[in-house]
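First the structure, in the form of structure tokens, and then the observations on it.
The values are calculated or read from the model by the stated rules, or taken from the named source; none is laboratory data. Remember, it's a predicted structure, so these values are computed and weren't measured experimentally. Here the Cβ is made from the backbone with ideal geometry for all residues, glycine too, and neighbour counts use every protein chain on show.
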Amino acid sequence: MTQSSQQTALPAGYRLAEYTIVRQLSVGGFSVVYLALDDADRKFAIKEYLPRNLAERNKEGEVVVSHDVDRDAFNLGLKCFFEEGRVLSGISHPTVVRVSNFFRANHTVYMVMEYADGRSLGRELELAGGRMEERRIRNWFAALLSGLREVHSQRLLHLDIKPANIYLRRNGVPLLLDFGAARQTLSRRDTHFAAMYTPGFAAPEQYEHDRPLGPWTDIYAIGACLYVCMGGETPQNAKDRLAQDALAPACKVFRHHYSAELTELCDRCLSLSPDERPATVLEVQKCLQQTEYSKPEKPEGLEGSKLVGWIKGLRGGRHREGAE
């Protein structure tokens, strides 16, 4: 199969149940997301289960499994995708993408979600010059974690938290997008899907089939997002960190810009061992909600340089006074 055939999107104007496809919004290894309108011209984002390594679309628009050997894997992912839609449809939280409908068609499953105006956290970082002020980081992530707690209470993990999957509405409220139950299920079943992880944001245990996943896995990704929001590059791939950890701790590289409490929290979340990370999302949220925290460290010699500059300024003033 060619990549183009695997990723063929439904065309604009395609009628899907009571929705009309407007255009493709995004495509990934396991799904295609469309902008669609219902019969009342309301906007929705519709996510289609289409794992490109297992299936392709035929001329009739149906999703078909090309090789019988892949059928069990496809069906397993389909089941998880459907269950993900069922769980999300029961969650009503302002920071969790709302699923209003999910249905079967074209031999696959579609998830109908709210369509929100705004932009991704990744884009927001670009506009901010690559670094966010601490107050905004704390407010956004504390709100986001409130929704993630609700998700975890329903025994669902996100498993792909990253700036591209955190959306900021026009009113400033963050929104968590693109849950990955099907993606993660298939990835752990077959090493062929290892590349589907997002390097730098995926926790070490996501690469090791014999290690359990849990809330601690999403907490690692939150730590990676905090690291990037403070001005860091995408963290070193967790698999590489296990072999030789070269990730500079946030408490060292960002100590002149952010509080010790925030940088230490980031480092704890990014611990390679799940046991060394915060135990729960609630613990992370409480740390972020602290209203009193230390000021960033001042660079060494800053006060001395200010004093020297002040003395020079005085001397210069005296010279000018004498000249007059």
| query | Which of the residues belonging to region 64-83 are in a loop (DSSP other than H, G, I, E, B) and closer than 27 Å to residue 141 by Cα? | reply | none
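Yes or no: residue 186 in a loop (DSSP other than H, G, I, E, B), of a type outside the set (Lys, Arg), at pLDDT below 90 and buried (at least 22 other Cβ atoms within 10 Å of the Cβ)?
In short, no.
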| Could you count how many residues in region 91-118 are of a type in the set (Asp, Glu) and over 18 Å from the mean Cα position of the chain (by Cα)? | 0
| Can you name every residue in region 31-79 that is farther than 17 Å from residue 111 by Cβ and β-branched (Val, Ile, Thr)? | 64, 65, 69
| task | Could you figure out which of (1) farther than 15 Å from residue 274 by Cα; (2) out of contact with any helix residue (DSSP H, G or I) (no Cβ under 7 Å at 6 or more places or on another chain) isn't true of residue 226? | result | (2)
| query | Do the conditions hold for residue 268, that is, is it touching a residue at least 24 places away in the same chain (Cβ under 8 Å), in contact with a Pro (Cβ under 7 Å, 6 or more places away or on another chain) and closer than 12 Å to residue 230 by Cβ? | reply | no
| field | Residue among 231, 223 that is surrounded by fewer than 20 Cβ atoms within 10 Å (Cβ to Cβ), under 18 Å from the mean Cα position of the chain (by Cα) and touching a residue at least 40 places away in the same chain (Cβ under 8 Å) | value | 231
| remark: Scanning region 234-250 for residues that are part of a helix (DSSP H, G or I) and more than 18 Å from residue 130 (Cα to Cα), the one nearest to the chain's Cα centre (by Cα) turns out to be 238
| task | Can you run down the residue pairs with Cβ atoms below 8 Å, 6 or more apart or on separate chains, where the first is in region 38-49 and closer than 11 Å to residue 26 by Cα and the partner is of a type in the set (Gly, Ala, Ser)? | result | 45/36; 46/36; 47/31; 48/31
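Residue by residue, here is whether (1) at pLDDT 95 or above; (2) not assigned by TED's automatic domain parsing to the domain that holds residue 275; (3) not hydrophobic (A, V, I, L, M, F, W, C) holds:
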position	(1), (2), (3)
172	no, no, yes
177	no, no, no
235	yes, no, yes
246	yes, no, no
| request: May I ask you to verify whether residue 100 is crowded, with 16+ Cβ neighbours inside 10 Å and in contact with a strand residue (DSSP E or B) (Cβ under 6 Å, 6 or more places away or on another chain)? | output: no
| Scan of region 272-301 for residues that are part of a loop (DSSP other than H, G, I, E, B), among the hydrophobic types (A, V, I, L, M, F, W, C) and touching a helix residue (DSSP H, G or I) at 6+ places or on another chain (Cβ under 7 Å), ordered by number | 272
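Right, residue 76: touching a residue at least 12 places away in the same chain (Cβ under 8 Å), surrounded by 14 or more Cβ atoms within 10 Å (Cβ to Cβ), within 21 Å of residue 30 (Cβ to Cβ) and of a type outside the set (Gly, Ala, Ser) or not?
So residue 76 fits the description; yes.
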| field | Selection count, region 260-271, where residues are touching a Lys or Arg at 6+ places or on another chain (Cβ under 6 Å) and not in a helix (DSSP H, G or I) | value | 1
| said: Name the single residue that is farthest from the chain's Cα centre (by Cα) among those in region 30-44 being at negative phi and not hydrophobic (A, V, I, L, M, F, W, C). | reply: 39
| request: Could you please let me know if residue 164 is at pLDDT below 95, surrounded by fewer than 18 Cβ atoms within 10 Å (Cβ to Cβ) and in a helix (DSSP H, G or I)? | output: yes
